[in-house]
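We did not get these values from a lab; they are worked out from the coordinates using the rules stated. Owing to the predicted nature of the structure, the values given are computational and were not obtained by experimental measurement. Every residue, glycine as well, gets a Cβ built from its backbone with ideal geometry; the counts of neighbours run over all protein chains shown.
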Amino acid sequence: MASPVPSVSVVVPMHNAELWIDDCLQSVLTQKFAGKLELSIYNDASTDRSLEIVERWRTRLQDAGICLSLGGHDSGEPKGVGFAKNCAVYQSCGEYICFLDADDIMHPNRVQLQLEAAQKHQGALIGSKFSRLPPKSTERYTRWCNSLSCKQLLTQRFTSFGPTIIQPTWFCHRSVFDAAGPFAEGGKGVPEDLIFFHKHLQLGNDVHRVDKRLLFYRYHPSAMTFSVNRQTIWDIQVKEFEKSVLCHWPSFTIWNAGKQGRHFYKSLTEENRQKVIMFCDVDSKKISKGCYTFENAPGFPKPRIPIVHFKCATPPFAICVKWDLTHGVFEMNLASMNLEEGKDYYHLS
């Protein structure tokens, strides 16, 4: 008996995307995919020509065998990307869901390659490598995201960068979305992708990346990424780190006695602050102080945490040193310790 033809819904939340939506839809049209392809767009109160442009594409898409499901509202105010993504998913009918932002462009093989990965890694959230538009924007972030190993997709999920696979590259079976979804609908400033990502992992599910650049990820000032406050991401990441890692560590060291390390210490619950046995650093001035005193702690005496050279420190480490900013010095120091990531240390910055 022949296997059923796989069906994939490409879901696109759209708000004022007239500058990019043509390129986005062209990339859907040119997918080299033999299964059933649906394009589900939800228009979140666009006030530009986005909706008009999509309607122009309807016949071309249908002639190519791509069903267009188009919904939306014009209530005057956008309800947010989380709301629009949820609506685009709910109005779609494919067995698999391929997420795409209205300002991004897919490689022609994206759907096929990610479908194959999703069929092999059942229950996983599938991502891919990506290229940036313009090409040299966010070079450090792009380098980090594209260079992560399979294991690091999990171990580096607590950094300030957010999810280790970017949301516009997500692809999954519909049951994966049903289990961890829907996306948070708090509107502007809510990192709905990060919240979903952690929920997915909390359920014991996996993430996987197709190691090919399957998306052109556009960088521009009006991107929704810029509406999310860094402190919001930090608070979510610290809370998740406490819940997922610190619950298993009876004690640990904070790598960085400077501003970022102290900020992390202060962000912890009182219970987890008591687990910090030392800070470590390479800065002789910080080390010469001997200790860090938490003056804002209630009661007396105030906690005094020793500061030592990293070579004298005791793992496991919560590392609060930003990656790829010291011309390789930090990375060399870390490698010299012969530690195992995910067991002896995690990155948080």
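Return one number: the angle in degrees, 0 to 90 and rounded to the nearest 10, between the long axis of the Cα atoms of helix 192-202 and the longest principal axis of the Cα atoms of the chain.
Once rounded, one gets 70 degrees.
How about the range 92-151: which trypsin sites (Lys or Arg not before Pro) there lie in a loop by DSSP and see at most 15 other Cβ atoms within 10 Å?
K136, K151
For the pair W249 and R304, what calculated FRET efficiency results from E = 1/(1 + (r/R0)^6), where r is the Cβ-Cβ distance and R0 = 22 Å, to the nearest 0.05?
The computed FRET efficiency comes out at 0.60.
Among E331, E240, which comes first, second and so on when ranked by fewest other beta-carbon atoms within 10 Å?
Listed from fewest to most nearby Cβ atoms, that is E331, E240.
What is the extension gain from D206 to D22, computed as 0.36 nm multiplied by their sequence separation minus the C-alpha to C-alpha distance, in nm to one decimal?
Details: separation 184, 0.36 × 184 = 66.24 nm, distance 3.35 nm.
Residue separation times 0.36 nm, minus the Cα-Cα distance, leaves 62.9 nm.
Taking all pairs of distinct Cα atoms, average 1/r, flip it, and tell me the Kirkwood hydrodynamic radius of the chain in Å to one decimal place.
21.9 Å
When the helix-only estimate is applied to the chain (DSSP H runs of n ≥ 4, each -39,500 (n - 2.57), divided by the residue count), what is the mean residue ellipticity at 222 nm, nearest 500 deg cm²/dmol? Display every interim value, and only then the final one.
On the way: 13 runs with 115 residues, N = 349.
After summing the helix terms and dividing by residue count, I get -9000 deg cm²/dmol.
Using only Cα atoms, find the angle between the long axis of helix 81-90 and the longest principal axis of the chain, and express it within 0 to 90 degrees, rounded to the nearest 10.
The angle comes out near 50 degrees.
Relative contact order for the chain: what percent, with Cα pairs under 8 Å and sequence separation of 6 or more?
Computed over the chain, the figure is 16 percent.
Whole-Hz Karplus ³J(HN,Hα) for the range 104-111, in order, using 6.51 cos²θ - 1.76 cosθ + 1.60 and θ = phi - 60°, x for Gly and Pro?
Once θ is set to phi - 60°, the couplings for the range 104-111 become 10, 10, 8, 5, x, 9, 4, 4 Hz.
What's the extension gain from R143 to H121 if we count 0.36 nm per residue and subtract their Cα-Cα distance? Write down the numbers at each step before the final one.
On the way: separation 22, 0.36 × 22 = 7.92 nm, distance 2.49 nm.
Between R143 and H121, full extension yields an extra 5.4 nm.
Return the percentage of antiparallel bridges among DSSP beta bridges fully within the range 7-229, rounded to the nearest 5 %.
In the range 7-229, approximately 20 percent of DSSP beta bridges are antiparallel ones.
Report, to the nearest 10°, how far helix 230-244 tilts away from the longest principal axis of the Cα atoms in the chain, using its own Cα long axis and a range of 0 to 90°.
In the chain, helix 230-244 runs at an angle near 70 degrees to the longest axis.
Give, in nm to one decimal, the length gained when the segment between N109 and N296 is fully stretched (0.36 nm per residue of separation minus the Cα-Cα distance).
61.8 nm
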